[in-house]
Amino acid sequence: MSQAAGGSGPGPSGPGPLGPPSQESLGARFQAQRGWWSRFGDSALGVVVKLAALAAFIALALAMIVRMVSLGAPMWAPALTGLATLGIVWVYLGRGKLPLKYLVPGLAFLVLFQLFPFGYTIYIAFTNYSIANNLSYEQSIERGIAESMQTPEDAPEFSVTPMIEPDDLEQGEIALWMVDEEDDEEFLGTADGLQPAEEVDPVVEDGEVVEAEGFERASLGDAQDRLEDFEELRIPLDPDDEETGEVRLVTLSRASVSEPTRQFDEERDALVQIDLDTGEEEAVYPADHDRGFFIDPDTGQRIAGVPGWRTWIGADNWVRAFTSETIRGPFLQVLVWTYIFAGASTLLTFALGLGLAITFNESRIKGRKLWRALLIIPYALPTFLTALIWRGMMNRSFGVLNDILPGQIPWLVDPTWAQFSVILVNLWFGFPYMFLITFGALQSIPADLYEAAKVDGAGPVGRLRRITLPLLLVTTAPVLLATFAFNFNNFNAIFLVTGGNPPISGAATPVGHTDILISYTYRIAFGAGGGDYGLASVVALVTFAMVAIISVFAFRYIRPLEEVYQ
Amino acid sequence: MSAVLRAFALLVALLLLVAACEAEEDPDEVAEEPEPEEPEEEEEPEEEEPEEEEEPDEEEPEEIVREEADLVIWADDTRTPALEPFAEDFGDEEGVEVAVQEVPFDEIDERVIDSAPAGEGPDIFIGAHDWLGRLVDAGVVTSIDVSGIEDELVDVSVEAFTFDGAQYGLPYATENTGLIRNTELVPDAPETWDEVVEVGTQLQDDGEVELPLVLPTEPADPYHNYPFVTAYDGYVFGQEEDGTYDPTDLGIDSEGTIAAGEAMQGWIEDDFISADVSYDLMIDQFSSADAAFALTGPWALPDFDDADVEYEVDPFPEIEGGTPQPFVGVQGFMVSAFAESELLAETFLVDYMATQEAQLEMFDADPRPPAMESAFEEVADDPNIEGFGEAGIEGQPMPAIPEMDSVWEAWTDGYELIYEGEDPEEAFGTAAEQIRELIGE
């Protein structure tokens, strides 16, 4: 305390607003703590900790850059990471720049978890990214060649044993002991070719060749360490005649002749189909960078067996989203239902939450604390569990609800009932939150206002309308808005309870009566048609724009409310 | 991607640590007096650091990231334990690190498509042959050479893993649905479908069972319904002479498929089946002898065994003269196109998994008939395996063409509407139009 009395200068945030007296003791405690904290910072240990943390940071960043490069990321990615790292180190290394030191972590999170995904979604929306266009251009070429491996019909097959020069396991030459079981012949195979067993005097132990020509049978562990070399080992059947082909390992115990029938021609930017027997070109498949496929010029279609790559396709996805009958058809219906679902969910949870809050705010009720705790339960249980339980309870034939209630209510199978049911379940999920919020807000309404109203002759309804609601909305309007936006995108409530079902009869594309925009987006991206991420990004962005516009208008609307209060 | 994000999160956490140490050093104040600012607050982010890293996998399914090992295998929960001993043996013998990672079965394909090109996928993964179209399209699976062991595998399983003329995986088990009968309620296998209906309805009228037959209908399940479709001469895609499927010949609105829809609608009206049976309810109903028959596959048997219900597996009896043909699926191991070492992956599959011992071990974990002939013979005297085997003889391999992806959802919706009373011709007509539109796009 005495240190605090020493009169510290104002922090960088400037003198704060004068708080109520009770906060002064808190401030004093803070100041007392600054003492040990700052002494720690200045101590040798503090500097060491700081430098160690920075060093660890740099090391991690370097490790990431190395990994990026090794994964073949485009050069700007490691460069950007490096620059960002340098910038961050600069911020933290020197003295001063204190505000920045506090802002940087927050900014980093903002960039990583808000701006990056958003920017990436926008980028995807302009590409053809989908299951068929999943790879990069380079990966596409690589796969196209790798999958064209062919083994000539009468080519020999060998069961093999890896061999290594024993005196230099890491760098020495490697070879294979090869047994052609069909012709009962054995060879030593190296990059120079095959040598028949008779020429190399193999040493045989227990029926297995263990040594030949300075090579020794490699233990599997040793072979493992040279895995890449063995993978790349090519043994020409006849070094003088290239057309006989090369032997390569299929597994660590088998080898055969196989060669790619496709090659990439950089000049023509095309895959070339080669006849292995004659070495002549059979066909040329040029790359179509607008579509992300290698094209067969005869048919104009992509060639089979070569995966496509991601490429920039401009506004195609946007045009499709707004013109394609399969998407546009049900879009309006889904949109209307999304508004109804989000609006009803928000209003009903608010009404129920507020009703309960007012009830339990009443001091006449006994055991209020217990009731309040019980009310939080739906909020505390994991959604995906309770949603499935609700789904089971609402089963028409076997559900507990229809066991209790008379008649067979089609909770989840009739369009209107299903819409009612998801709103009901969502009400169960959402009201405890609203209860918590409104209960807190109620406490801040001065009790004397109610007394004055009572004196003026206002009944309970009058007090609710004229005092509680206006004052409550000041604090809860932003929460209501956030709840609306949340429910607008409340994928879980729909997906887990109804899965969007029941289906809309006669729709242009599979879609259900309870599908909201986000679950509809999911169907486009992962359901029928299988994985069109570009198109799904467009729908996601449109959804985002709608929520954003609503939010802006709503904030305009609630601002006057706040002014009233002030 | 998530590995990168995780690293980023760690970076940021480290920054916060630096900030915490740094703050009190700020010069403006330090010069004059030893008490600058910022107490407690920064300790909090510091504490967050470990949280950020330890995020448990169960909570956040997004977090499945390739483990650090020379050979990484992705398998589902039932088969991971069976694979682990072989992975360990292989690792010990070959001096490499092998990791078996558990991934929910129905997520494996999507996850491989997503993560393999980024180098974060597995080397080997378990999958169903009907994923092939999609996986090949996405370029994430590589063909492997099984010519050395081809003769030891059941023909249909090798064919199923052949796509566009290339062999894409090592098949290890086949599966199809069959008719499972409660032997206490129905001692003798019915010879015709009429008998099934008769016996079942009698039991229902006597109050012995709630439902004569259970099969998953909520949500509707075209896979389980397929035997009915084929019994009425319906089909999904037309087949060429050599058995390959023709994507231009869609049979969802064919006469036979519609007739099957009409039949099912009639059974629902007669309370012979119910439109409200989920997979779990089917297990419950049959296990508690509240249903006389169940239409499902070998994957349900462990649950029935646990419940101590007496049952037998029968091939499907003829329905109005038509032979029900279930879809036959083949399970197998596939090698990622972006495997760190294809050589290692293929060595493991061909030398370790394509053995009778491994196939039997996998069979114990998950009773689907093995694809290796010698292993199949070993277990063939098991009456359940025999029953499913007989039911599958007439079966059709599930189409692996990518166009099949466009079928499931629309077809499911068609059934949903039929169950609720819509005219089957209209419901399947709409479904067929939706599918043609999707394939055309």
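Residue count for segment B:412-432, restricted to those that are facing another protein chain (nearest Cβ under 9 Å), assigned to a helix (DSSP H, G or I) and buried (at least 19 other Cβ atoms within 10 Å of the Cβ): 9. For segment A:154-167, a tally of residues being open to solvent by 60 Å² or more (accessible area, probe 1.4 Å) and under 46 Å from the mean Cα position of the chain (by Cα) returns 1. Annotation: A:ARG95 fulfils all but one of (1) surrounded by 15 or more Cβ atoms within 10 Å (Cβ to Cβ); (2) in a loop (DSSP other than H, G, I, E, B); the unmet one is (1). Looking only at segment B:385-397, decide whether some residue is open to solvent by 50 Å² or more (accessible area, probe 1.4 Å), at the interface with another protein chain (Cβ under 10 Å from one of its Cβ atoms), part of a helix (DSSP H, G or I) and out of contact with any helix residue (DSSP H, G or I) (no Cβ under 7 Å at 6 or more places or on another chain). The answer is no; no qualifying residue exists. Look at segment A:228-253: where a residue is more than 13 Å from chain B (Cβ to nearest Cβ) and free of Cβ contacts under 8 Å to residues at least 24 places away in the same chain and a partner is of a type outside the set (S, T, N, Q) and open to solvent by 40 Å² or more (accessible area, probe 1.4 Å), sitting 6+ places away or on another chain with Cβ atoms under 6 Å, you get A:THR244/A:LEU237; A:THR244/A:ASP238; A:GLU246/A:ARG234.
All conditions but one from (1) open to solvent by less than 40 Å² (accessible area, probe 1.4 Å); (2) more than 21 Å from B:GLU93 (Cβ to Cβ); (3) touching a residue at least 24 places away in the same chain (Cβ under 8 Å); (4) not in a strand (DSSP E or B) apply to A:ALA223; the one that does not is (2).
The set of residues in segment A:294-308 that are open to solvent by less than 30 Å² (accessible area, probe 1.4 Å) and either within 14 Å of chain B (Cβ to nearest Cβ) or closer than 30 Å to B:SER147 by Cα (or both) comprises A:PHE294, A:ILE303, A:GLY305, A:VAL306, A:PRO307, A:GLY308.
For segment A:327-341, indicate whether the set of residues that are surrounded by 17 or more Cβ atoms within 10 Å (Cβ to Cβ) and under 30 Å from A:SER444 (Cβ atoms) is non-empty. Among the residues of segment A:327-341, not one is surrounded by 17 or more Cβ atoms within 10 Å (Cβ to Cβ) and under 30 Å from A:SER444 (Cβ atoms), which makes the answer no.
Quick one: would you say A:GLY499 is over 30 Å from the mean Cα position of the chain (by Cα), among the small types (Gly, Ala, Ser), within 12 Å of chain B (Cβ to nearest Cβ) and surrounded by fewer than 21 Cβ atoms within 10 Å (Cβ to Cβ)? First the steps, then the outcome.
Numbers: over 30 Å from the mean Cα position of the chain (by Cα): no; among the small types (Gly, Ala, Ser): yes; within 12 Å of chain B (Cβ to nearest Cβ): yes; surrounded by fewer than 21 Cβ atoms within 10 Å (Cβ to Cβ): yes.
In short, no.
Scanning segment A:50-68 for residues that are at pLDDT below 85 and in contact with a helix residue (DSSP H, G or I) (Cβ under 7 Å, 6 or more places away or on another chain) yields A:LYS50, A:MET68. Here is the figure for segment B:277-314: residues that are crowded, with 20+ Cβ neighbours inside 10 Å and in a loop (DSSP other than H, G, I, E, B) total 2. The single residue among A:GLY407, A:GLY355, A:GLY367 that is assigned by TED's automatic domain parsing to the domain that holds A:ILE467, without any contact (Cβ under 8 Å) to a residue 24 or more places away in the chain and open to solvent by less than 40 Å² (accessible area, probe 1.4 Å) turns out to be A:GLY355.
Tallying residues that are open to solvent by less than 50 Å² (accessible area, probe 1.4 Å) and either of a type in the set (D, E, K, R) or farther than 19 Å from A:GLU228 by Cα (or both) within segment A:179-198 yields 8.
Among the conditions (1) out of contact with any Lys or Arg (no Cβ under 9 Å at 6 or more places or on another chain); (2) open to solvent by 20 Å² or more (accessible area, probe 1.4 Å); (3) outside any strand (DSSP E or B); (4) under 28 Å from B:LEU349 (Cα atoms), the only one that A:GLU231 does not satisfy is (1). Residues of segment A:118-134 that are of a type in the set (Ser, Thr, Tyr) and either away from every other protein chain (no Cβ under 11 Å) or closer than 26 Å to B:VAL136 by Cβ (or both): A:THR121, A:TYR123, A:THR127, A:TYR129, A:SER130.
Matching residues to (1) at pLDDT below 90; (2) farther than 30 Å from A:ALA536 by Cα; (3) out of contact with any Lys or Arg (no Cβ under 9 Å at 6 or more places or on another chain); (4) open to solvent by 40 Å² or more (accessible area, probe 1.4 Å):
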| residue | (1), (2), (3), (4) |
| --- | --- |
| A:THR244 | yes, yes, yes, yes |
| A:ALA270 | no, yes, yes, no |
| A:ASP277 | yes, yes, yes, yes |
| A:GLU280 | yes, yes, yes, yes |
| A:GLY292 | no, no, no, no |
| A:ILE313 | no, no, no, no |
| A:TRP318 | no, no, yes, yes |
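Reported count of residues in segment A:506-526, each being facing chain B (nearest Cβ under 10 Å), open to solvent by 10 Å² or more (accessible area, probe 1.4 Å) and touching a Pro at 6+ places or on another chain (Cβ under 9 Å), is 4.
Would you call B:GLU409 closer than 30 Å to A:ARG396 by Cβ, within 14 Å of chain A (Cβ to nearest Cβ), surrounded by fewer than 23 Cβ atoms within 10 Å (Cβ to Cβ) and without any contact (Cβ under 8 Å) to a residue 24 or more places away in the chain? Spell out how you get there, then give the answer.
Details: closer than 30 Å to A:ARG396 by Cβ: yes; within 14 Å of chain A (Cβ to nearest Cβ): yes; surrounded by fewer than 23 Cβ atoms within 10 Å (Cβ to Cβ): no; without any contact (Cβ under 8 Å) to a residue 24 or more places away in the chain: yes.
Against the criterion (closer than 30 Å to A:ARG396 by Cβ, within 14 Å of chain A (Cβ to nearest Cβ), surrounded by fewer than 23 Cβ atoms within 10 Å (Cβ to Cβ) and without any contact (Cβ under 8 Å) to a residue 24 or more places away in the chain), B:GLU409 does not qualify.
The number of residues in segment A:188-220 that are free of Cβ contacts under 8 Å to residues at least 24 places away in the same chain and assigned to a strand (DSSP E or B) comes to 7.
Scanning segment A:102-116 for residues that are within 13 Å of the chain's Cα centre (by Cα) and more than 10 Å from every other protein chain (Cβ to nearest Cβ) returns a single hit, A:GLN114.
The rows are residues; the columns are (1) in contact (Cβ under 8 Å) with a residue 40 or more places away in the chain; (2) surrounded by fewer than 23 Cβ atoms within 10 Å (Cβ to Cβ); (3) more than 16 Å from the chain's Cα centre (by Cα); (4) at positive phi.
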residue: B:GLU107; (1), (2), (3), (4): yes, yes, no, no
residue: B:GLU120; (1), (2), (3), (4): yes, yes, yes, no
residue: B:HIS129; (1), (2), (3), (4): yes, no, no, no
residue: B:ASP137; (1), (2), (3), (4): yes, no, yes, no
residue: B:GLY148; (1), (2), (3), (4): yes, yes, yes, no
residue: B:GLU152; (1), (2), (3), (4): yes, yes, yes, no
residue: B:VAL156; (1), (2), (3), (4): yes, yes, yes, no
residue: B:GLY165; (1), (2), (3), (4): no, yes, yes, yes
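Condition (residue is away from chain A (no Cβ under 14 Å), touching a Phe, Trp or Tyr at 6+ places or on another chain (Cβ under 7 Å) and part of a loop (DSSP other than H, G, I, E, B)) applied to segment B:370-384: is it met by at least one residue? Yes - at least one qualifying residue is present in segment B:370-384. State all residues of segment A:410-429 that are touching a Pro at 6+ places or on another chain (Cβ under 7 Å), closer than 27 Å to A:ALA351 by Cβ and surrounded by 19 or more Cβ atoms within 10 Å (Cβ to Cβ); if no residue qualifies, say none. If the condition is that a residue be touching a Pro at 6+ places or on another chain (Cβ under 7 Å), closer than 27 Å to A:ALA351 by Cβ and surrounded by 19 or more Cβ atoms within 10 Å (Cβ to Cβ), then A:ALA418, A:PHE429 are the ones that fit. Residues in segment B:104-148 that are in a loop (DSSP other than H, G, I, E, B) and within 10 Å of chain A (Cβ to nearest Cβ): 13 in all.
The values are calculated or read from the model by the stated rules, or taken from the named source; none is laboratory data. Bear in mind that the values here come from a model prediction, so they are computed numbers and not experimental data. Virtual Cβ from ideal backbone geometry, glycine too; neighbours counted across all protein chains shown. Heavy atoms of the whole protein, side chains included, go into the accessibility calculation; ligands, DNA and RNA do not. Shrake-Rupley method; radii C 1.70, N 1.55, O 1.52, S 1.80 Å.
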